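J.: Let me give you the structure first, and then I'll get to my questions.
Just so you know, all these numbers are worked out from the coordinates, no wet-lab data involved. What you see is a predicted model; the values in this text were computed from it and never measured. Quick reminder, even Gly has a Cβ in these numbers, built from the backbone with ideal geometry, and neighbours come from all protein chains shown.
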Amino acid sequence: MRKHNGMRPQDILILLKMVVLGPPLQSNSVLVRSLKISAAEISEALERCRIAKLVDVSKKRVNVKALEEFLLFGVKYVFPAQPEGITRGVSTAFSASPIKEHVVQSNEKYVWRYSKGTERGQAIEPLYKTVPEIIAEEAELYELLVIVDTLRVGRVREVEIATKELKTRLDKYGRE
């Protein structure tokens, strides 16, 4: 039996993309192309997720209920976000849809650092370095990542909104 050496942030990105694609995953090459992550890293991530019971034995289906539980109760501890200095980038957390529509906007904005971004705010490290590049073509994935970042950095009210939005989307994609 293979040893589990802990989750990595890109594992969450991969799982979220699989949820958006819907089961079963046809080929890892879809993930490689769309997420700009190497085939080897996709394979290793899926193995870590299998060991953690976040995907099934075939590594083709996400255990949506387990993923929801991990995101709601663990992601902020395992992958905490530390806001950094002001920079240009792409909006995230409660500064982006679908969360920003539900909160009163303050001067506080969060962004993923990205030279082609159009927003200014406090930088948050994305779960994986390719996230700011890929989300332009990945609207559903972008919304899920915004929700996850809100769970990572939000205050009680924002986290409540993110929780509701996450559950709604995971219900839409179907529970395993």
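J.: Give the residue from 131, 97, 57 lying farthest towards the positive end of the charge dipole for region 24-176; charges sit on Cβ (+1 for Lys and Arg, -1 for Asp and Glu) and the dipole is referred to the Cα centre.
T.: So the residue furthest toward the plus end is 57.
J.: With 26 Å as the limit, write out which pairs from 76/129; 59/167; 116/164; 100/172 have Cα-Cα distances beyond it, or answer none. Before the final figure, lay out the partial values.
T.: Working: 76/129 18 Å; 59/167 22 Å; 116/164 31 Å; 100/172 21 Å.
Violating the 26 Å Cα-Cα cut-off are 116/164.
J.: Dipole size in debye (nearest 20) for region 48-137 around its Cα centre, Lys and Arg Cβ +1, Asp and Glu Cβ -1?
T.: On the way: 15 positive and 10 negative charges, 81 e Å.
Result for region 48-137 is approximately 380 debye, rounded to the nearest 20.
J.: Is the shape of the chain rounded, prolate or oblate, going by the alpha carbon gyration tensor and its root eigenvalues a ≥ b ≥ c, with a/c under 1.5 for rounded and a/b larger than b/c for prolate? Display every interim value, and only then the final one.
T.: Values: a/c = 1.78, a/b = 1.49, b/c = 1.19.
Prolate, because a/c is 1.5 or more and a/b exceeds b/c.
J.: Roughly how big is region 89-170's charge dipole about its Cα centre, with Cβ charges of +1 (Lys, Arg) and -1 (Asp, Glu), in debye to the nearest 20?
T.: Its charge dipole is roughly 240 debye.
J.: Let me ask another. Rounded to whole Å, give me the distance from the Cα center of region 27-68 to that of region 96-135.
T.: 25
J.: I need the shape label for region 1-51. Rule: rounded when a/c is under 1.5, else prolate if a/b > b/c, else oblate, with a, b, c from the alpha carbon gyration tensor. Before the final figure, lay out the partial values.
T.: Numbers: a/c = 1.75, a/b = 1.56, b/c = 1.12.
In terms of gyration-tensor shape, prolate.
J.: If you line up the long axis of helix 156-173 against the longest principal axis of the chain, both from Cα atoms, how many degrees apart are they, to the nearest 10?
T.: Roughly 40 degrees, rounded to the nearest 10.
J.: Quick one: angle between helix 139-153 and the longest Cα principal axis of the chain, in degrees between 0 and 90, rounded to 10, please.
T.: Its long axis makes an angle of about 70 degrees.
J.: Using θ = phi - 60° and the Karplus curve 6.51 cos²θ - 1.76 cosθ + 1.60, what whole-Hz ³J(HN,Hα) does each residue of region 127-135 get, with Gly and Pro shown as x?
T.: For region 127-135, the Karplus curve yields 4, 8, 4, 7, 3, x, 6, 7, 6 Hz.
J.: In terms of the Cα gyration tensor, with a ≥ b ≥ c the square roots of its eigenvalues, is region 23-91 rounded because a/c is under 1.5, prolate because a/b exceeds b/c, or oblate? Don't skip to the answer; put the middle values down first.
T.: Values: a/c = 2.40, a/b = 1.38, b/c = 1.74.
Oblate is the answer for region 23-91, as a/c is 1.5 or above yet b/c matches or exceeds a/b.
J.: What does the charge dipole of the chain about its Cα centre add up to, to the nearest 20 debye, if the Cβ of each Lys and Arg holds +1 and the Cβ of each Asp and Glu holds -1?
T.: Charge dipole, the chain, about its Cα centre: 360 debye, nearest 20.
J.: I want to make sure I understand the PRE zone here: with the label point 7 angstrom from the Cα of residue 60 toward its beta carbon, which residues in region 27-54 have backbone N atoms less than 12 Å away?
T.: Residues 27-28 fall inside that zone.
J.: Related question: Putting +1 on Lys and Arg Cβ atoms and -1 on Asp and Glu Cβ atoms, find which of 112, 28, 79 reaches farthest to the positive end of the dipole of the chain.
T.: 28
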